1. Considering only residues that are surrounded by 12 or more Cβ atoms within 10 Å (Cβ to Cβ) and among the charged types (D, E, K, R), look in segment 151-173 and name the one that is modelled with the lowest pLDDT.
2. For VAL94, all conditions in the list (1) in contact with a Ser or Thr (Cβ under 9 Å, 6 or more places away or on another chain); (2) aliphatic (A, V, I, L, M); (3) modelled with pLDDT under 90 hold save one; what is the number of the exception?
3. Considering only segment 175-186, I want to know if a residue exists there that is closer than 23 Å to ASP57 by Cβ, among the hydrophobic types (A, V, I, L, M, F, W, C), touching a residue at least 24 places away in the same chain (Cβ under 8 Å) and surrounded by 13 or more Cβ atoms within 10 Å (Cβ to Cβ).
4. Mind listing whichever residues of segment 4-39 are in a helix (DSSP H, G or I), closer than 18 Å to ASP184 by Cα and in contact (Cβ under 8 Å) with a residue 12 or more places away in the chain?
5. Just one of (1) more than 15 Å from the chain's Cα centre (by Cα); (2) under 23 Å from GLY139 (Cβ atoms); (3) part of a helix (DSSP H, G or I) trips up LEU49, so point out which.
6. Just one of GLY139, GLY172, GLY135, GLY152 is touching a strand residue (DSSP E or B) at 6+ places or on another chain (Cβ under 7 Å) and farther than 21 Å from ASP184 by Cβ; which is it?
7. Please work out which residue is farthest from VAL70 (Cα to Cα), limiting yourself to segment 2-22 and to residues that are out of contact with any helix residue (DSSP H, G or I) (no Cβ under 9 Å at 6 or more places or on another chain) and of a type outside the set (Val, Ile, Thr).
Amino acid sequence: MADIITNETLKKYAEIATDAFMEDPVYQKVAKDEKKRRQVIYHGVLIRLYDSRNNGDLFYFDEEGRGLLVLRDVNRELQFSEFLKCPNFMALFVLLPYVLKLFSIIGKFDNKAILGDKSYVVSPIFVSKEHQRKGVASGLIKRAVADIIPQGYKIGLDTQNPANVEKYEKMGFKLLKEEFHEEDQIYNYYMSIE
């Protein structure tokens with residue numbers, strides 16, 4: 001399936017993610033200015049989606065184009081060098097200080113240590129603003145659970161937004177660990193569903 005996911009499709013979803021992640025605590029730390037934050041989110045998500053497509057991660061698209069879930073094998077770490085393969089990598093140079101700060105923060109989250117080897121990590125999930133709270137994310141998670149759990153895998157995630165913990169619990173995730181990163185003043189919540 002990854003070979004039929006076009007660059008245009010990924011750009012469309014990066015735009016959806018930009019609106020969805022504007023209030024995300026990590027992106028707020030990375031870029032205080034809203035205009036700059038929009039650029040960082042768009043290019044950061046786009047490059048991440050290119051990386052996922054090129055490395056065989058699992059994509060779950062909402063049939064109506066309202067949202068996207070990507071699952072990454074917990075053993076496949078995100079590598080900054082992979083992002084240089086993105087056709088949009090020039091944005092990295094303009095946004096490099098922000099991207100480095102983003103990697104500095106997310107590089108501290110260790111899903112593999114918490115979840116174990118036989119796991120997939122939600123990386124990322126988002127729904128367009130106008131379709132949030134309508135069951136789109138839950139539907140994407142249900143599809144992934146139906147595919148992955150029978151194969152003996154767990155699905156895990158980390159979130160830095162405390163309000164998301166309850167939302168994920170309603171989808172069947174359990175809180176595994178909460179941590180506070182003093183340097184970044186960011187909470188991180190590890191969750192999984194089995």
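The values are calculated or read from the model by the stated rules, or taken from the named source; none is laboratory data. Computed from a predicted model, the values in this text were never measured in an experiment. Here Cβ is always computed from backbone atoms with ideal geometry, including for glycine, and neighbour counts include all displayed protein chains.
1. Per the stated criteria, the residue is LYS167.
2. So the condition that VAL94 fails would be (1).
3. Checked segment 175-186: at least one residue is closer than 23 Å to ASP57 by Cβ, among the hydrophobic types (A, V, I, L, M, F, W, C), touching a residue at least 24 places away in the same chain (Cβ under 8 Å) and surrounded by 13 or more Cβ atoms within 10 Å (Cβ to Cβ).
4. Result: PRO25, VAL26, TYR27, LYS29, VAL30, ARG37.
5. The failed condition is (1).
6. Only one candidate passes the filter, namely GLY172.
7. GLU8
Matching residues to (1) at pLDDT below 95; (2) among the aromatic types (Phe, Trp, Tyr); (3) in contact with a helix residue (DSSP H, G or I) (Cβ under 6 Å, 6 or more places away or on another chain); (4) in a helix (DSSP H, G or I):
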site	(1), (2), (3), (4)
LEU100	yes, no, no, yes
PHE109	yes, yes, no, no
LEU140	no, no, no, yes
ALA146	no, no, no, yes
ILE149	no, no, no, yes
